[in-house]
1. If the elastic network links every pair of Cα atoms under 10 Å, which of V52, V139, V121 fluctuates the most in the Gaussian network model of the chain?
2. Gaussian network model of the chain, Cα springs within a sub-10 Å range: biggest mean-square fluctuation belongs to which of P25, P91, P109?
3. With contacts defined as alpha carbon pairs under 8 Å and 6 or more residues apart, what's the relative contact order of the range 23-155 in percent?
4. On full extension of the chain, what length is gained from S59 through K113, given 0.36 nm per residue of separation minus the C-alpha to C-alpha distance?
5. Which of the aspartates and glutamates could be linked to K113 by a straight reach, that is with a Cα gap under 18 Å, when you skip same-chain ones fewer than 8 residues away?
6. Bin width 10 Å, alpha-carbon pairs only: give the P(r) of the chain as whole percents, running from 0 to the bin holding the largest distance.
7. Picking from I39, I12, I54, which is most flexible by a Gaussian network model of the chain using Cα springs under 10 Å?
8. Highest mean first, how do 144-153, 66-75 rank when packing is the count of other Cβ atoms within 10 Å averaged over residues?
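No lab work stands behind these numbers, since they all come straight from the coordinates. It should be emphasised that the depicted structure is a prediction, and the values quoted were computed from it without experimental measurement. Cβ coordinates were reconstructed from backbone atoms using ideal geometry, including for glycine residues, and neighbour counts include every protein chain displayed.
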Amino acid sequence: MSLAPFVPSPFIVIERMLQIADVKPGETIYDLGCGNGRILITAAGKFGAKAVGIELNESLASEAQQKAKELNLENMVTVIRGNFQDVDISPADVVTLYLTTSANTAVKPNLEKKLRRGTRVVSHDFEIIGWKAVKVEEVAENDGYTHTIYYYRRP
């Protein structure tokens, strides 16, 4: 069962999400519901991070893995086809989300159980109810459409 429809994040939002999370080379990023891998590719290619995406949709997971291969990032990008609720995300330094508020609520217990203290969590457009954001920032696209980035640190 999918917790959110596939809607790709704009690159300007992806870059800002990773900047806000202060992603460093060698850190490990997990993107829950990675879609076509935009966040993975950006995290690996521009930030030097190891990027792990989890995607339920077989076609999108294949597309993400193929894109990483085309860009010679396959040693830095891993795509796991499956349900992110069933995957061990404890190695994450940063977790990215572009789910709905209700989906964030559904995954929150898993995040609280599996993430280490200090893990950074960045959510595009949808907050995690019950968590206090360290930072909330608006990002405008060139067409004027505005996105909200919620940044959290796991206590």
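1. It is V139.
2. P109
3. 21
4. Between S59 and K113, full extension yields an extra 16.5 nm.
5. Output for K113: D31, D86, D88, D93.
6. Distribution as computed: 12, 45, 37, 6, 0 percent.
7. Of I39, I12, I54, the Gaussian network model singles out I12 as fluctuating most.
8. For the peptides 144-153, 66-75, the packing ranking is 144-153, 66-75.
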